[in-house]
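All remarks here apply to the structure that follows.
The values are calculated or read from the model by the stated rules, or taken from the named source; none is laboratory data. Everything quoted here is computed from the prediction, not taken from an experiment. Cβ atoms come from the backbone with ideal geometry, glycine included; neighbour counts cover every protein chain shown. We work out accessible area using only protein heavy atoms, side chains counted, and drop any ligands, DNA or RNA first. Shrake-Rupley method; radii C 1.70, N 1.55, O 1.52, S 1.80 Å.
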Amino acid sequence: MTLLMTVFAAVISTIIWYISSKARELKVGVLLYMFWGASLMWLVDAVVEYLEAGAEFFEPAASDMLNDTFLGISVIALALVVWVIYLLIKDPAGTLKSNILSRKDH
Amino acid sequence: MACFLAPMTEAIVTTVIQKAVKKKEDSSEGKETVNKIPLSDKLRWLNGMLWGGSGLLAFEHLWHGEITPFFPFLTAARDPADTAEMLHEIATSGSAMAILVTAVWTVVAIAADKLCSAGRPAVKKAGASS
């Protein structure tokens, strides 16, 4: 479930990055790296698990699925927080800088 | 258990390489113009995927209680039998993760170069006589 959610997040952020120049300015590429990197790594994990467990891999217990869903949401939230922090540090639109400068002037 | 350590180690190495390549490219800027994306830019993509992916995997390991904020940081490091299993996992799953990410990056980098050179007319090396 975590892998699925990360793959969906990767695909959605790639589409947003592709169609929107504003998104590219806002460093959405950082999300792409994180989600695609994690998706590929969890894919390896899933293949290893499948090789060990066989078809049972596709029939997870409800409690495991719930926990994995919760983890998937948390992973996406963490990635978004990292992206926002990166965005504020880089400040590509200069919003933060101009806000701080205008406060200094008063 | 700690499979993310393999791609994280690769990320450290490729980050150092990327910095060195960038420095070299900056010092030789203007000497030659080729129809390709700079290697340092392509290495930045690899670094992003390796750091981003291993960072999120580290969070997953923290979630499952396999990483602790205190020494020895990895719960599997407390017991020799678990340590052996952890090292085996790093060597197998971890290496496979690092190889897969690098393989995907190689394909993307080659495709990007092909797209780049197909989209632009050929640029000859600066200083070459016609």
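Taking the condition of being within 20 Å of A:Asn67 (Cα to Cα) and either open to solvent by less than 50 Å² (accessible area, probe 1.4 Å) or of a type in the set (S, T, N, Q) (or both), how many residues in region A:8-43 meet it? Steps first, answer last, please.
Looking only at region A:8-43, we keep the residues that are within 20 Å of A:Asn67 (Cα to Cα), and these are A:8-9, A:35, A:38-39, A:41-43.
This time we only want the ones that are either open to solvent by less than 50 Å² (accessible area, probe 1.4 Å) or of a type in the set (S, T, N, Q) (or both), so: A:9, A:35, A:38-39, A:41-42.
Number satisfying all stated conditions: 6.
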A:Leu40 meets each of (1) touching a residue at least 12 places away in the same chain (Cβ under 8 Å); (2) at the interface with another protein chain (Cβ under 10 Å from one of its Cβ atoms) with one exception, condition (1)
Only unsatisfied item for A:Met65, checking (1) within 14 Å of another protein chain (Cβ to nearest Cβ); (2) within 19 Å of B:His61 (Cα to Cα), is (1)
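Which of the residues spanning region B:57-106 are part of a loop (DSSP other than H, G, I, E, B) and of a type outside the set (S, T, N, Q)? Step through it out loud before you land on a result.
Pass one, region B:57-106, residues part of a loop (DSSP other than H, G, I, E, B): B:64-66, B:68-73, B:79.
Within region B:57-106, B:His64, B:Gly65, B:Glu66, B:Pro69, B:Phe70, B:Phe71, B:Pro72, B:Phe73, B:Asp79 qualify.
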Hey, A:Phe70 within 11 Å of another protein chain (Cβ to nearest Cβ) and either farther than 25 Å from B:Ala6 by Cα or modelled with pLDDT under 95 (or both) or not: yes
Farther than 30 Å from B:Cys116 by Cβ and open to solvent by 40 Å² or more (accessible area, probe 1.4 Å): is that true of B:Leu62 in this structure? yes
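Can you tell which of B:Ala20, B:Ala11 is touching a residue at least 24 places away in the same chain (Cβ under 8 Å), in a helix (DSSP H, G or I) and either surrounded by 23 or more Cβ atoms within 10 Å (Cβ to Cβ) or over 12 Å from the mean Cα position of the chain (by Cα) (or both)?
Details: B:Ala20 fails: touching a residue at least 24 places away in the same chain (Cβ under 8 Å).
Within the list B:Ala20, B:Ala11, the selection yields B:Ala11.
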Unique match (being in contact with a Leu (Cβ under 8 Å, 6 or more places away or on another chain) and farther than 23 Å from B:His61 by Cβ) among A:Thr95, A:Thr14, A:Thr6: A:Thr14
Among the residues of region B:105-128, which ones are modelled with pLDDT of 85 or more and among the charged types (D, E, K, R)? B:Asp113, B:Lys114
Output for region A:44-63, where each listed residue is free of Cβ contacts under 8 Å to residues at least 40 places away in the same chain and surrounded by 10 or more Cβ atoms within 10 Å (Cβ to Cβ): A:Val44, A:Val47, A:Val48, A:Glu49, A:Tyr50, A:Ala53, A:Glu56, A:Phe57
